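Visitor: Below is a structure I'd like to ask you about.
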Amino acid sequence: MKRIVFLSTMALALTLSVGNVSAQKDSTLYRVPKQISIEVGYRNVFSVIDRSANPFVNSASNGYGFLVDYAWKLGGLTGKKPGIYLSVPIGYSVMMPDNNASKSISMLNYGWTIRHELSVNKPITPFLGYGLLLNTLKVAGTEGGIMGHQTQFEFGANLNTKTRLKYFAKLQYSYTSYPKLGDSKRIHFQYLDFRVGARF
């Protein structure tokens, strides 16, 4: 009887111990640092490959955009190595018509990005980023829109403060591909963005 009680006590203690370990793991995972970024800036479309089909005869090469980004810090959690962030961005841009014969173009993009910080505990922290996104393009006065895929690369720097708030500026290159109905060829946009914003 004493042996049964002893074994039962040991089993209960082991169960509680495993439960505490699991709770600690869950708690640690829950406390993974998160970061929200808000940015605005200028966009320039410097290349449109294959203007042969509407609406890409439309000319709109300069505009503005904004974006909100929600990120999880997956690397550098101890603060001894540079941080790595996985984020979910959603952004919107408007390209203004270049002439009276053209119309404005809007672009909605969302997807995944990865951002690598390149230093630790510095007043200014440079970073590199890479993203894979979906991009929906619409032309003013035209019903519907087309969806393409967007690949982007960015380089910039965070200006750190004594609080969680950080300011940043970045230069971003994007390559976007859209389908053409009834044609195996695609239309390709290349554009540059200069953005400034804040993270917290």
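Visitor: Taking residue 94 as meeting all but one of (1) more than 18 Å from residue 38 (Cβ to Cβ); (2) in contact with a strand residue (DSSP E or B) (Cβ under 9 Å, 6 or more places away or on another chain), write down the number of the exception.
Guide: Every condition holds for residue 94 apart from (1).
Visitor: Taking into account only those residues within the range 168-189 that are surrounded by fewer than 19 Cβ atoms within 10 Å (Cβ to Cβ) and at pLDDT 95 or above, which is farthest from residue 133 (Cα to Cα)?
Guide: 169
Visitor: Look at residue 118 and say whether it is closer than 25 Å to residue 155 by Cα, surrounded by 15 or more Cβ atoms within 10 Å (Cβ to Cβ) and either under 18 Å from the mean Cα position of the chain (by Cα) or not assigned by TED's automatic domain parsing to the domain that holds residue 62 (or both).
Guide: Working: closer than 25 Å to residue 155 by Cα: yes; surrounded by 15 or more Cβ atoms within 10 Å (Cβ to Cβ): no; either under 18 Å from the mean Cα position of the chain (by Cα) or not assigned by TED's automatic domain parsing to the domain that holds residue 62 (or both): yes.
No, not satisfied.
The values are calculated or read from the model by the stated rules, or taken from the named source; none is laboratory data. Since the model is a prediction, treat every value here as computed from it, not as a measurement. Glycine also receives a Cβ, built like all others from the backbone with ideal geometry; neighbour counts cover every protein chain displayed.
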